[in-house]
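**Student:** Right, I'll just put the structure down here and ask away after.
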Amino acid sequence: MDDEYLHFSPWDGGMPLSALVIHITVSFDLFLAKVQNNPFTSSAPMDAHSMDELRSYFNQATEKTLQSFQGLSAENLGMTIEINEMEDTGANWLSTAIDHEIHHKGQVFTYARIVGVDSLPFFITKP
């Protein structure tokens with residue numbers, strides 16, 4: 001996708017593409033930090049100035065998230081955690097984080113199709 005679509009939104013008031021990608025990564029890190037009982041800090045940019053910059057940020061954020069998962073314990077998964085005045089176990093909050101990411105990645109794919117991207121990755125789990 002070209003830089004011209006960085007701030008594309010299919011409707012007035014919709015989250016622009018770059019903000020949506022940043023939101024996906026920041027949100028997952030927030031859930032993970034809460035489950036691990038760590039303070040949440042974000043170094044996410046408020047916006048990206050190019051698709052290359054957005055991809056670079058996304059790749060770095062993904063690596064950070066993968067590293068954070070290494071510190072996850074069974075205790076973290078079983079603890080009751082409050083997020084936005086709602087309580088649930090760490091395991092269920094991580095499931096919510098995954099659902100949230102899937103939802104927004106679906107939006108990113110929809111944005112891409114609207115602007116003419118024909119080839120998108122399809123995710124198939126092989127046994």
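The values are calculated or read from the model by the stated rules, or taken from the named source; none is laboratory data. Small disclaimer: the values here were computed from a predicted structure and weren't measured. No Cβ is skipped: glycine too gets one built from the backbone with ideal geometry, and neighbour counts run over all protein chains shown. Side chains included, ligands, DNA and RNA excluded: accessible areas come from the protein's heavy atoms. Shrake-Rupley method; radii C 1.70, N 1.55, O 1.52, S 1.80 Å.
**Student:** How charged is the neighbourhood of A91? Take every other residue with its Cβ under 14 Å from the Cβ of A91, and add Lys/Arg as +1 and Asp/Glu as -1. Walk me through the numbers on the way to the answer.
**Tutor:** Numbers: positive: K34; negative: E75, E87, D88, D99.
Spelling it out: positives minus negatives among the neighbours equals -3.
**Student:** For the Cα atoms of the chain, what angle does the longest principal axis make with the long axis of helix 51-69, in degrees from 0 to 90, nearest 10?
**Tutor:** Tilt of helix 51-69: around 10 degrees.
**Student:** Solvent-accessible area of T110, probe 1.4 Å, all protein chains present, reported in Å² to the nearest ten, please.
**Tutor:** 80 Å²
**Student:** Hey, what do the phi angles of the stretch 7-15 turn into as Karplus ³J(HN,Hα) couplings, whole Hz, using 6.51/-1.76/1.60 and θ = phi - 60°, x for Gly and Pro?
**Tutor:** Each residue of the stretch 7-15 in turn: 10, 5, 9, x, 8, 4, x, x, 5 Hz.
**Student:** Right, here's the next one. Along the charge dipole of the chain, Cβ charges K/R +1 and D/E -1, which of T89, P16, P121 sits furthest on the positive end?
**Tutor:** Among T89, P16, P121, the one farthest towards the positive end of the dipole of the chain is P121.
**Student:** Another question, then. Any idea what the relative contact order of the stretch 2-51 is, in percent, if you count C-alpha pairs under 8 Å spaced at least 6 apart?
**Tutor:** Details: 35 pairs, mean separation 20.7, N = 50.
Dividing the mean separation by the residue count of the stretch 2-51 yields 41 percent.
**Student:** Here's another thing I want to ask about it. With a cut-off of 8 Å between alpha carbons and a minimum separation of six or more residues, what is the relative contact order of the stretch 5-127 in percent?
**Tutor:** 29 percent.
**Student:** Report the per residue volume, in Å³, of the convex hull enclosing the C-alpha atoms of the chain.
**Tutor:** 133 Å³
**Student:** As an exercise, identify the GluC sites (Glu not before Pro) in the stretch 78-107 lying in DSSP coil whose Cβ has no more than 16 other Cβ atoms within 10 Å.
**Tutor:** E85
**Student:** Then there is this: Skipping prolines and chain starts, which residues have an amide H placed within reach, meaning under 5 Å, of the one on I81, given they are 5 or more residues away or on another chain?
**Tutor:** D88, T89, G90
**Student:** If you don't mind, another one. Charges on Cβ only, +1 for Lys and Arg, -1 for Asp and Glu, centred on the Cα centroid of the chain; of S43, L72, F31, which one is farthest towards the dipole's positive end?
**Tutor:** My answer, from the dipole projection, is L72.
**Student:** For the stretch 113-121, take each phi angle, set θ = phi - 60°, evaluate the Karplus expression 6.51 cos²θ - 1.76 cosθ + 1.60, and give the result in whole Hz per residue in order, putting x for glycine and proline.
**Tutor:** 5, 4, 8, x, 6, 8, 10, 10, x
**Student:** Calculated from DSSP H runs of 4 or more alone, at -39500 (n - 2.57) each and per residue, what is the 222 nm mean residue ellipticity of the chain, nearest 500?
**Tutor:** -18000 deg cm²/dmol
**Student:** With +1 on the Cβ of every Lys and Arg and -1 on the Cβ of every Asp and Glu, and nothing else charged, how large is the dipole of the chain about its Cα centre, in debye rounded to the nearest 20? All intermediate terms of the calculation are to be shown ahead of the outcome.
**Tutor:** Details: 6 positive and 17 negative charges, 75 e Å.
With Lys and Arg at +1 and Asp and Glu at -1, about 360 debye.
**Student:** Got a sec to turn the phi values of the stretch 102-109 into Karplus ³J(HN,Hα) couplings, 6.51 cos²θ - 1.76 cosθ + 1.60 with θ = phi - 60°, whole Hz, x for Gly and Pro?
**Tutor:** After applying 6.51 cos²θ - 1.76 cosθ + 1.60, I find 4, 4, 6, 5, x, 5, 4, 5 Hz.
**Student:** Under a Cβ-only charge scheme (Lys and Arg +1, Asp and Glu -1), can you give me the dipole magnitude of the stretch 1-72 about the Cα centre, in debye to the nearest 20? Before the final figure, lay out the partial values.
**Tutor:** Numbers: 3 positive and 9 negative charges, 103 e Å.
That gives a dipole near 500 debye.
**Student:** Still on this structure: Taking amide H atoms as placed 1.01 Å from N in the peptide plane, list the residues 5 or more away in sequence, or in a different chain, whose amide H sits under 5 Å from that of V117.
**Tutor:** none
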